[in-house]
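S.K.: I'd like to ask you about the structure that follows.
Each value in this text was obtained by applying a stated rule to the coordinates, not by laboratory testing. All values derive from a computational prediction rather than experimental measurement. In this analysis, Cβ positions are derived from the backbone assuming ideal geometry, glycine residues included, and neighbour counts consider all displayed protein chains.
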Amino acid sequence: MGLVKEFKQFALKGNMVDMAVGIIIGGAFGLIIKSLIDDVIMPLVGKATGSGVDFSNMYIPLAEGVEKGLSLDEARAQGAVFAYGNFITVLLNFLILAFVIFIMVKMMNNAKKKFEKEQEAAPPPAPPADVVLLTEIRDLLQRQN
């Protein structure tokens, strides 16, 4: 089998397309969550912890001559810094993202359970007309014998 034909079969499999769609949607969802965290939640957390604190610029200078009060990028340019604020930001981002995904999975599971209950409660569909007719013929033939 030729390389191009093998690749075509691989790339066009249903699972591969489903995975690609999932990755694209996941990337877009990641951007939405990042905006939610950066633009909505973190400013509120910063406000709650003290007059607009920005965690991403919190650091402890490790090298001599690194001034306090600079932005993290400026401080890194002067020397080594212990950037604990950036870690706190990434950790909070992860926790918020994990919580949002948990809520989404929980909602999907509840919807799935509800759908399954509705499917169980629904009466079975009526058989097609030809099946009804054949059943009547069978019953008539059984009564004659």
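S.K.: Could you line up R76, R143, R138 from fewest to most neighbouring Cβ atoms inside 10 Å?
M.R.: R143, R138, R76
S.K.: If you don't mind, another one. Have a look at region 54-139 and give its Rg and Dmax from the Cα atoms, expressed in angstrom.
M.R.: Just the Cα atoms of region 54-139 yield Rg and Dmax of 31.6, 99 Å.
S.K.: For region 90-133, list residues with backbone N below 15 Å from a point placed 7 Å from the Cα of Q142 toward its Cβ?
M.R.: Residues 132-133 qualify, since their backbone N sits under 15 Å from the label point.
S.K.: How many nm is it between the label spots at V132 and A98, if each spot is 7 Å from the Cα in line with the beta carbon?
M.R.: In this crude label model, V132 to A98 measures out at 5.8 nm.
S.K.: Apply the Debye scattering formula to the chain, with a single equal point scatterer on each alpha-carbon and no solvent, then give log10 I(q)/I(0) at q = 0.22 Å⁻¹.
M.R.: Result of the Debye calculation: -1.28.
S.K.: State the extension gain, in nm to one decimal, for the chain segment bounded by N109 and A77, taking 0.36 nm per residue of separation less the distance between their alpha-carbons.
M.R.: Here the answer is 6.6 nm.
S.K.: Okay, moving on. Say R0 is 22 Å: what FRET efficiency, to the nearest 0.05, do I88 and A28 get from their beta-carbon distance?
M.R.: The calculated FRET efficiency here is 0.25.
S.K.: In deg cm²/dmol and to the nearest 500, what is the mean residue ellipticity at 222 nm of the chain if only DSSP H runs of at least 4 residues count, each as -39500 (n - 2.57), divided by the residue total? Let's see the in-between values first.
M.R.: Values: 6 runs with 100 residues, N = 145.
Helix contribution divided over all residues of the chain: -23000 deg cm²/dmol.
S.K.: Between V81 and residues 5 or more places away or on another chain, which pairs have amide H atoms under 5 Å apart, with H built 1.01 Å from N, and which residues are they?
M.R.: Here L62 satisfy the definition.
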